[in-house]
Amino acid sequence: MSCEGPFPLIAVFPYIMELVYSSLTQRATDVHKTLIGEFSQHRIVIAFSGPPRSGKSTIADEVTQQINA
């Protein structure tokens with residue numbers, strides 16, 4: 001994959017990751033609302049899996065910040 005062209009990958013990557021963070025944050029919020037409404041469950045556990053250095057902690061940190069904002 002080339003980084004040349006109108007949208008170099010390095011320039012688009014932060015935007016793509018923001019979409020990932022926002023999507024996961026919305027999904028976690030929706031699950032939490034559903035569990036509170038149906039089961040009076042106030043805590044949820046979200047698990048990430050993947051190989052070492054694949055960004056699991058980075059994604060978890062960002063989603064946690066967005067949820068707690």
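As a fraction of the 1.4 Å probe accessible area of the stretch 8-53, surface on carbon and sulfur atoms comes out at 62 percent. A 1.4 Å probe over all protein chains sorts Leu35, Leu19 by accessible area into Leu19, Leu35, starting with the largest.
The values are calculated or read from the model by the stated rules, or taken from the named source; none is laboratory data. These numbers come from a predicted model, not from an experiment. Just the protein is used for accessible areas: all its heavy atoms, side chains included, with ligands, DNA and RNA removed. Shrake-Rupley method; radii C 1.70, N 1.55, O 1.52, S 1.80 Å.
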